[in-house]
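Notes follow the structure.
What follows is calculated from the coordinates using simple rules that are stated; it is not laboratory data. Computed from a predicted structure; not experimentally measured. Every residue, glycine as well, gets a Cβ built from its backbone with ideal geometry; the counts of neighbours run over all protein chains shown.
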Amino acid sequence: MLQVARARPWRPLCAQSIQARRRYVHAPRQRTVTVLGETYPTDDYTNLPPTIAELLERRLHVTPPHPLNTIRKLIASHFEGFKSYDDLPAVVTPALNFDSLGFPPDHPGRARGQSYYINRGIMLRTHTSAHEVDIYRQTPRSGGWLCTADVYRRDEIDRSHYPAFHQTEGARLVNVADMDKLKAENEELRRGIKASRIIMEDCPDFDAITNPLQASHLPETVLPMAQNLKLRITTLFMSIFPPSTTPLHVRWTPDIFPWTSPSFQLEVRYRDAWLELLGCGIILDDTIARGGHNPAEERSWAFGMGIERIAMPLFGVPDIRLFWSKDERFWKQFKDGQVSKFQEFSKYPPVERDIAFWLPVGMAKPHAASHAAGGEVGGWEENDLWDIIREVGGDLVEDVKIFDDFWNEAKGRRSLAIRITFRSMERSLERAEVNEITDEITAKLTARLAVEIR
Ligand code: FA5
Ligand code: MG
């Protein structure tokens, strides 16, 4: 049985009274946390809510007929000869998740505000790249591999962001002596793309200042790799998305990752907006060496793609929460290995509730730049807010927006107002239950974040 000992893993809509829940709000931290049957000591870093710990048991990406399992298999069939790793545990060390990839010590991704920690030394992986170095060590020269897994991030709440999601990581090693063969392969792939209806907006393969080649790399051993990376991924999407009247429209843009250079991102046009599908790049020599290969002889590209982001347009799933549904009206619509259009169950009405509050005295003034960098402003961590709302409201929370944010000079305090949109995928919500959930969110915000309700 999976449980987090510091909290009783009650369900958001069970019949417990508000009083009992208030006792939970004030419960002291327990000494241990049990995740996937293992018990770990907690410390001042522990921030894993029971609602998230429960998700580790779902294993959606290897459970037929779930769409994510189908996507995983479709990707694997495109990368023939690549070895698949689909069963690596989500509980990892920060050393594996960050250090092995050269994340600097002050990288924002390491903050408690952005990642789920079981304790200082153990966390939930935030990306499948956590396994790169270990898998390279098991990969022969000129080999390729894929790894699909559930990953966890404290993130905002909306239709395409969820704190647990799935990624498929893929990588290919190529010997520097084989670049001519690679160029010939690229030509072949290019011909396939020209013959298809896909619209692909490319970006330069490197930029000397903003997206450079590595100092030890000659263009002739990197540019064919960068092209191969983009072409293999573009042809993957060509093969996954059936030809339709509206051609698939994707665009490449430069990106930045601590262990790749040059680096890229791919987005797809979906419902009149750009949806980010993946990040990728040419692996740094340091990481190649940590993975047991000789960087003077082997180049590697790697990508990490969000597979819900592929499944949403492919299966027509309008909201990322649906992938976690236990409702048989969701599960019954799919057949293992087959792509079919999801039929929305009748759409139930949303219910909105607003909460306005003062942040504790001493919190810094709002600051646009640090907001953009991840929401941590003067000790105020927006992700704490999203987690509490998600912990209480579970999957009934469709969206949360801050719609008012001001500084009161006289009080020397910052005020926020948030609007929570509740909607069930499965039924109409009662006003009373939404009120009860909202009251409980309010109680927890007050107890845990020391805010003052206005
Ligand atoms: C990464 O996670 C890198 N590890 C990718 C990578 C691999 C780069 C190998 C270089 C080499 P990023 O943070 O951009 O990158 O996430 C990758 C993809 O995961 C995104 O493009 C998006 O499709 C998906 N994703 C990210 N956050 C969420 C979320 N909250 N919900 C659903 N999907 C998400
Ligand atoms: Mg990204």
| said: Between Thr421 and Asp44, what is 0.36 nm times their sequence separation minus the Cα-Cα distance? Round to one decimal in nm. | reply: 132.5 nm
| task | Take the Cα atoms of region 139-187, find their three principal axes, and give me the spread along each one in whole Å, biggest first. | result | 47, 25, 12
| query | What's the long-distance tail for the chain, i.e. % of Cα pairs beyond 35 Å? | reply | 35 percent
| message | Within the chain, which whole H helices from DSSP have a Cα span along their axis of at least 18 Å and a mean Kyte-Doolittle hydropathy of -1.0 or more, if any? | response | 219-240, 431-449
| request: May I ask you to derive the FRET efficiency for Ala95 and Ser142 from their Cβ-Cβ distance with R0 = 45 Å, giving the value to the nearest 0.05? | output: 0.95
| Amide hydrogen neighbours beyond the local backbone of Tyr45, cut-off 5 Å, H modeled | Arg120
| said: Rounded, prolate or oblate, given the Cα gyration tensor of region 63-159, with a/c below 1.5 counting as rounded? | reply: oblate
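Over 21 Å between Cα atoms, which of Lys332/Lys401; Lys73/Lys335; Lys194/Lys230; Lys230/Lys341 qualify? Walk me through the numbers on the way to the answer.
Values: Lys332/Lys401 33 Å; Lys73/Lys335 13 Å; Lys194/Lys230 14 Å; Lys230/Lys341 28 Å.
Over 21 Å apart, Cα to Cα: Lys332/Lys401; Lys230/Lys341.
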| Dipole size in debye (nearest 20) for the chain around its Cα centre, Lys and Arg Cβ +1, Asp and Glu Cβ -1? | 1000 debye
